[in-house]
Amino acid sequence: MPRNGSGVYSAPAGGSYPAAAATLIEAGKHNTLIADIITELSNSLAKDGQTQATGNIPMGGFKLTGMGNGSAATDSATLAQAQSASGQWCGTAGGTANALTLTPLPAITSYAAGQIFRFKSAAENTGATTVNISGIGAIAIQRNGAALSGGEISNGQWYEIILSDATTAQLNRLGQISGLEFIGSGVALASNSTLIWGQAGKWFEIQAGSLTITLPALGATAGRTFTFRASTFGFTLAGNGADQIRTNAASAGTLAVAAGEYITVAENGASGWYVVARGLDTVSAATQAQMEAASSNAVAATPGNIKWHPGVSKAWIKCDAAGNINASMNVSSIVDNGSGDVTVNLTTAFSSTNYSISPGSLSSGASRPVVVIAQNTNSFRLQCHDASGATSDPTAFYASCDGDQ
């Protein structure tokens, strides 16, 4: 009798099990049982590997333990192999600078899109470059879909290639090697470094203090650029050998870049490097004290803090004589005190009464001067007079206030 589908074995029906003492064991029943057991043992997996599974084996939430490392593409991998990505790590690349060979373990038997391999380079490439993995055949290495031209692979650095199809692999640089680490589309510089032409067009993040970054030696080409971001650490940018870096009319072999700056330099053939862009990397909003001091060029005036600048009015109003505000800034309300007399209340008070008020009026006919007859930190009072000196309502009052809040 076969197992019941859940793995439980039952002896064939009709037998006497277990056997009883002094009772005859019938040959037919005995032989049927033995044959059934033999069949089920043959359907079981032998621990020495003599038999093969003929279906999926559910583990019921349990795990396989004591496994050996897989060594063929069809083997299972241990957790240790998965953690170390041993099937992707190829060690130091073989071959030549422009024709790499990689030998992952286990070896692959064909190329497929999405395969990933990592390696350490042994030489700088000088032109279009290929890779041959597990001896399958050479395929082109590209960066962002374009063939390499030289300098994209540096000696002693770590790289990753991802197969975009069976004929091409896309190159990425990995890790922090000799102070270089790719971050997005840029390169982090953590130690003194000499750049190569294959890095032209990139931006570089300075990640340690007092570094000297040396540009590639100039040649006959013009227009290639390098951009540096010194958010936290200042650094020294140096020309290669006698190459000069030019800023406006001056030139020198080195250029100090302060923390908080960015700078872009471009080659102009053999005549030198030119600074084509330079400024503050990040600009923070000015504090009230900085706005009031009105002296810093390293912080930004924002819509929320510009009111603190001494050259900006802190309050202004246009209102009619009946107590209606037509338009205003930093005015909470007005009070009609009578003919030609209003009090203006401020939302944010001045720090003292030492602020200026520029009053005025809109009127038709005779001149109607406006004067300030009272001034407090949070309010002021205006009066408008006609030609006889009596208070008289104008069509509108105007006032603008300047000072410290």
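With each run of n ≥ 4 DSSP H residues scored as -39500 (n - 2.57), what mean residue ellipticity at 222 nm is computed for the chain after dividing by its residue count and rounding to the nearest 500 deg cm²/dmol? Can you show the working numbers first?
Values: 3 runs with 28 residues, N = 405.
Result for the chain, helices only: -2000 deg cm²/dmol.
A crude spin-label estimate for the pair residue 378 and residue 38, with each label 7 Å from Cα along the Cβ direction, gives 10.7 nm. Which residue, chosen from 385, 405, 334, occupies the Cα position most advanced towards the positive end of the dipole of the chain, where the dipole is computed from +1 (Lys, Arg) and -1 (Asp, Glu) charges on Cβ about the Cα centre? Working it through, the farthest residue towards the positive pole turns out to be 405.
Shown for 51, 65: other C-beta atoms within 10 Å of each C-beta, ranked fewest to most, produce the order 65, 51. Our summary gives the chain a relative contact order of 7 percent, counting only alpha carbon pairs under 8 angstrom and 6 or more residues apart.
Between amide H atoms placed 1.01 Å from N, distances below 5 Å from residue 101 occur with 94, 95, 96, 132, all of them 5 or more places distant or on a separate chain. Near residue 188, the amide H atoms lying under 5 Å from its own belong to 181, 182, 183, 205; only residues 5 or more places off or on other chains count, and H is placed 1.01 Å from N. For percent of Cα pairs over 34 Å apart, the value calculated from this model appears in (1) 23; (2) 32; (3) 65 under label (3). Within straight-line reach of residue 63, meaning a Cα separation under 29 Å, sit the following lysines at least 8 residues removed in sequence or on another chain: 47. Here residue 307 is the anchor, and the aspartates and glutamates within straight C-alpha reach of less than 18 Å, apart from those fewer than 8 places off in the same chain, are 292, 402, 404.
Can you tell me the dipole magnitude for the chain around its Cα centre, using point charges on the Cβ only (Lys, Arg +1; Asp, Glu -1), in Debye to the nearest 20? Mind showing how you got there, number by number?
Numbers: 18 positive and 23 negative charges, 101 e Å.
With only Lys, Arg, Asp and Glu charged at Cβ, the dipole is about 480 debye.
Available extension along the chain between residue 287 and residue 236 is 15.3 nm, counting 0.36 nm per residue and deducting the alpha carbon span. Between 0 and 90 degrees, the angle of helix 27-42 with respect to the longest Cα principal axis of the chain falls at about 40 degrees. Positive end of the dipole of the chain (Cβ unit charges, origin at the Cα centre): among 394, 127, 259, the Cα lying farthest that way belongs to 127. Scanning residues 5 or more positions from residue 405 or on other chains, those with amide H under 5 Å from its amide H are 351, with H placed 1.01 Å from N in the peptide plane.
With r defined as the distance between the Cβ atoms of residue 387 and residue 335 and R0 fixed at 25 Å, what FRET efficiency is calculated, to the nearest 0.05?
On the way: r = 26 Å, r/R0 = 1.03.
The pair residue 387/residue 335 has a calculated efficiency of 0.45.
To the nearest 0.05, what FRET efficiency results for residue 47 and residue 21 with a Förster distance of 51 Å applied to their C-beta separation?
On the way: r = 35 Å, r/R0 = 0.68.
According to the calculation, E is roughly 0.90.
Cross-link partners of residue 120 among lysines, defined as those whose alpha carbon lies under 24 angstrom from its own and excluding same-chain residues fewer than eight positions apart: 202. If R0 is 25 Å, the Cβ-Cβ spacing of residue 126 and residue 254 corresponds to a FRET efficiency of close to 0.30.
The DSSP beta bridges internal to the chain are antiparallel in roughly 75% of cases.
Just so you know, all these numbers are worked out from the coordinates, no wet-lab data involved. Treat the numbers as computed from the prediction; the structure is a model and nothing was measured. All Cβ positions, even for glycine, are placed from backbone atoms using ideal geometry, and neighbour counts span all protein chains on display.
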